[in-house]
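Below: one structure, written as structure tokens.
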Amino acid sequence: MNIYRYPVKALIFDYIRSGLGVLVPIALMLFTDLLPVVFYILAGLVLLFGIYGVRTALRQATLLSVDGNGVRQEGPLGGLLNREIRWADLRDFRLRYYSTRRDGKGGWMQLVLRATDGSEGHGSNGPIRLDSNLPGFDDIVRQVYEMARDHGLANDPASAANLTAMGLGSDDPAVQPTVSSPAPPNDAALPS
Amino acid sequence: MFTYFTHRVLVMIPTLLVISVITFIIIQLPPGDYLSNQMAELIASGDRAAIEKLAFLRQEFGLDKPMLEQYAAWLGIWPGNNGFSGILQGNLGWSFEYNLPVGEVVGDRLFLSLVLNFTTMLFVYAVSFPIGVYTAVRQYSFGDHAMTFIGYIGLATPNFLLALILLFLAKKHFGVSIGGLMDEQFIDQDMSWGKFVSICEHMVVPVIVIGTSGTAGMIRRLRANLLDELQKQYVTTARAKGLTNRKLLLKYPLRMALNPFVADIGNLLPQMISGSAIVAVVMSLPTSGPMLVSALQSQDQYLAGSFLLFLAALTVVGMFVSDLALAALDPRIRLGAEASK
């Protein structure tokens, strides 16, 4: 079993973002007289970045374990964030890439795993989301990809392109719906 | 997506700040200011009382202070002569040319500009989307050729010429008065049903004029993108599997083809705003364009600065919406981009 967790080093910029996003609007709200609409916008920013900070802290306290049976997420808050997805129940996985730069560089990836409805009842009600600043992210993606391929799961074009960018799935027609390829082997790989 | 949203907001705020700094510097770049220009004229005419009044105004509005302090006071993050009284407090400054607060000078112009440009954007999307899809799906049909022809005319016709033609037709066939965004009796009146109807009637021509070239360009882009997607192997495979044309079209090709369409939201807004300034002059529209040109010419710095900041904010918000839509629609790594794994 492999255990993964977000180290502080990986989350430091998220904490800085959150701190800036909370402190600067609060300073403006405290030390200047503001138009009501500006005040509410700044209050919204404080709320947004406050949630972002709490979320970052929760991620830091979350443990992720991956083994031959599936993926398990153990978080704080009395098990509220605990999730478990067995490979056999994996229904959908999506690999997203986000970048705030116009040239698309310097971004990050997010892996979202969803299980069949029954499996989501194992102490969880939602998907597992992992960001690429998690050490070992590449290994997890590779493992998930191999499991998904073995179970005949199809990807959407965005996930397929992102997998290819990571050096996965380039020779697999099931994950390459947007390039010339032989007909997919089963219905699951088709757009439907 | 939440992380992306938060990061994108964090990028947007400094962008707005940098734009406001650049705007302020550009306005200040020409030598002197509105008051010093006036003072030169008054010194030449020897009007002592007026010179003293201008000197008082210079001090009152902090024009004798360093540029950085003027900027901070204008933005409202530094106390000026009247404490915190800048844009963040709702005070857009003083228009020297009109001798009134900028807020009063601008009046409904910013709002009307916003309404006009937003309506134009809706027009562009509402018209170009179905036509773009139709011309791609029915490639080389009569409808495709007809729409392509109309599209080229739209791209090639200068806006001011189209404005004059449509104004003439609107007056002749529908009795809509020429110029303006409402009938004369409603100017400076509170909003009423009659005024609203009048604004809607007068907005038809400017919306078509400003939106035509954008619509034509958008149709061409959507058609090209969709045709590109429809040629791909997965579409052929899906067809062979018996998927209906409509279902197939909506599932992936259309979604993929929408990317540049969505990405254009951010570019469309500034293009329309700059295009609408010329149309506004031709059609005597009470929008921000003509007044901005006048304010820049006379170095009415707070008036020009407020307009520029408003337009920049619109553009930044447009880009923000466009980026969010694009990230939701197609979160794919682009060619040449590298993920930080």
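The values are calculated or read from the model by the stated rules, or taken from the named source; none is laboratory data. In this text, all values refer to a predicted model and were calculated from it rather than measured experimentally. When we count neighbours, we look across all protein chains shown, and the Cβ atoms used for this are built from the backbone with ideal geometry, even at glycine.
Could you look through segment A:83-102, keep only residues that are at the interface with chain B (Cβ under 7 Å from one of its Cβ atoms) and not in a strand (DSSP E or B), and pick out the one that is surrounded by the fewest Cβ atoms within 10 Å (Cβ to Cβ)?
A:Thr100
Show the residue pairs that are 6+ apart or on different chains and have beta-carbon atoms under 6 Å apart, the first residue being within segment B:151-177 and assigned by TED's automatic domain parsing to the domain that holds B:Thr215 and without any contact (Cβ under 8 Å) to a residue 40 or more places away in the chain, the second being assigned to a helix (DSSP H, G or I) and not basic (Lys, Arg).
B:Ala170/B:Val205; B:Val176/B:Ala170; B:Val176/B:Glu201
For (1) in contact with a helix residue (DSSP H, G or I) (Cβ under 7 Å, 6 or more places away or on another chain); (2) closer than 23 Å to B:Leu29 by Cβ; (3) among the basic types (Lys, Arg); (4) at pLDDT 85 or above, each residue gets a yes or a no:
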position: B:Phe61; (1), (2), (3), (4): no, yes, no, no
position: B:Leu68; (1), (2), (3), (4): no, yes, no, yes
position: B:Ala72; (1), (2), (3), (4): no, yes, no, yes
position: B:Asn81; (1), (2), (3), (4): yes, no, no, no
position: B:Phe84; (1), (2), (3), (4): no, no, no, no
position: B:Gly90; (1), (2), (3), (4): no, no, no, no
position: B:Ser95; (1), (2), (3), (4): yes, yes, no, no
position: B:Tyr98; (1), (2), (3), (4): yes, yes, no, no
position: B:Phe111; (1), (2), (3), (4): no, no, no, no
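Looking at segment B:53-74, is at least one residue closer than 30 Å to B:Asp190 by Cα and not charged (D, E, K, R)?
yes
Taking the criterion of being within 13 Å of B:His7 (Cα to Cα) and either more than 10 Å from chain B (Cβ to nearest Cβ) or not polar (S, T, N, Q) (or both), would at least one residue in segment A:52-62 satisfy it?
Within segment A:52-62 (the criterion being within 13 Å of B:His7 (Cα to Cα) and either more than 10 Å from chain B (Cβ to nearest Cβ) or not polar (S, T, N, Q) (or both)), the answer is yes, since at least one residue qualifies.
Give me the residue from segment A:26-35 that is part of a helix (DSSP H, G or I) and within 9 Å of chain B (Cβ to nearest Cβ) and, out of that set, farthest from the chain's Cα centre (by Cα).
Once the filter is applied, the top-ranked residue is A:Phe31.
Would you mind listing the helices (runs of 4 or more DSSP H) fully within segment B:228-317 where at least 3 residues are under 27 Å from B:Leu75 (Cβ atoms), modelled with pLDDT under 80 and not charged (D, E, K, R)?
Filter on segment B:228-317 gives B:253-283, B:288-297.
Considering only residues that are within 21 Å of B:Phe5 (Cβ to Cβ) and among the charged types (D, E, K, R), look in segment A:3-25 and name the one that is farthest from the other protein chains (Cβ to nearest Cβ).
This residue is A:Asp14.
Say we look at segment A:102-150 and pick out the residues that are more than 16 Å from the chain's Cα centre (by Cα) and of a type in the set (Lys, Arg); which of these is modelled with the highest pLDDT?
For segment A:102-150, the residue satisfying everything is A:Arg149.
So in segment A:36-60, with the set limited to residues that are surrounded by fewer than 16 Cβ atoms within 10 Å (Cβ to Cβ) and of a type in the set (A, V, I, L, M), which one is nearest to the chain's Cα centre (by Cα)?
A:Leu58
Inspect segment B:44-51 for any residue being surrounded by 17 or more Cβ atoms within 10 Å (Cβ to Cβ) and either assigned to a helix (DSSP H, G or I) or not β-branched (Val, Ile, Thr) (or both) and give the result as yes or no.
No, there is no match, as no residue in segment B:44-51 is surrounded by 17 or more Cβ atoms within 10 Å (Cβ to Cβ) and either assigned to a helix (DSSP H, G or I) or not β-branched (Val, Ile, Thr) (or both).
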